[in-house]
């Protein structure tokens with residue numbers, strides 16, 4: 001939804017199931033005046049000059065760590081920033097491939113941490129002070145980086 005909030009020119013949704021991609025596209029169009037296209041996973045290389053790429057599947061996680069949903073790294077030629085929602089392994093094959101193409105990358109750890117922190121604050125009806133949050137994030141980052 002950030003793409004809509006930030007007035008992106010276009011959002012391309014790629015999904016292994018075209019019906020799910022179109023359903024998500026319809027939901028986005030309900031709330032944002034944004035051009036939204038859908039592409040099947042098999043046709044991902046037809047996406048023209050993506051600047052930002054967000055990978056939200058489990059491909060590349062756990063026993064699948066040596067796999068990536070992007071088989072042709074030329075896909076990253078014009079990408080400037082890539083996010084892989086996976087945080088274990090800390091740097092996925094997708095991220096390594098993107099970095100080799102000069103792309104700045106980030107994993108999904110920050111999303112996990114800040115969602116967890118927000119949930120904790122809501123459920124316990126309290127605010128975690130800034131210094132405690134920084135310390136917790138640092139400890140968890142070190143834990144997950146070690147794998």
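The values are calculated or read from the model by the stated rules, or taken from the named source; none is laboratory data. Fair warning: this is a prediction, and the values are worked out from it, not measured in the lab. All Cβ positions, glycine included, derive from the backbone under ideal geometry; neighbour counts span all protein chains shown.
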Here the qualifying pairs (Cβ atoms under 8 Å; residues six or more apart or on different chains; first in segment 115-134 and outside the structural domain of residue 85 (by TED's automatic domain parsing) and over 20 Å from residue 85 (Cβ atoms); second modelled with pLDDT of 95 or more and in a helix (DSSP H, G or I)) come out as 127/121; 128/117; 128/120; 128/121; 128/136; 133/117
Report task. For residue 8, state whether it is touching a strand residue (DSSP E or B) at 6+ places or on another chain (Cβ under 7 Å) and either assigned to a helix (DSSP H, G or I) or at pLDDT below 95 (or both). Result -> no
Taking segment 101-124 and keeping residues in a strand (DSSP E or B) and crowded, with 17+ Cβ neighbours inside 10 Å leaves 105, 107
Taking segment 69-100 and keeping only residues that are farther than 13 Å from residue 51 by Cα, in contact (Cβ under 8 Å) with a residue 12 or more places away in the chain and in a loop (DSSP other than H, G, I, E, B), one is left with 69, 70, 72, 85, 86, 87, 88, 89, 90, 91, 92
When every residue in segment 35-53 that is out of contact with any helix residue (DSSP H, G or I) (no Cβ under 6 Å at 6 or more places or on another chain) and in a loop (DSSP other than H, G, I, E, B) is compared, the one surrounded by the most Cβ atoms within 10 Å (Cβ to Cβ) is 50
Flagged in segment 66-82 as more than 14 Å from residue 14 (Cβ to Cβ) and in contact with a strand residue (DSSP E or B) (Cβ under 6 Å, 6 or more places away or on another chain), in numbering order, are 81
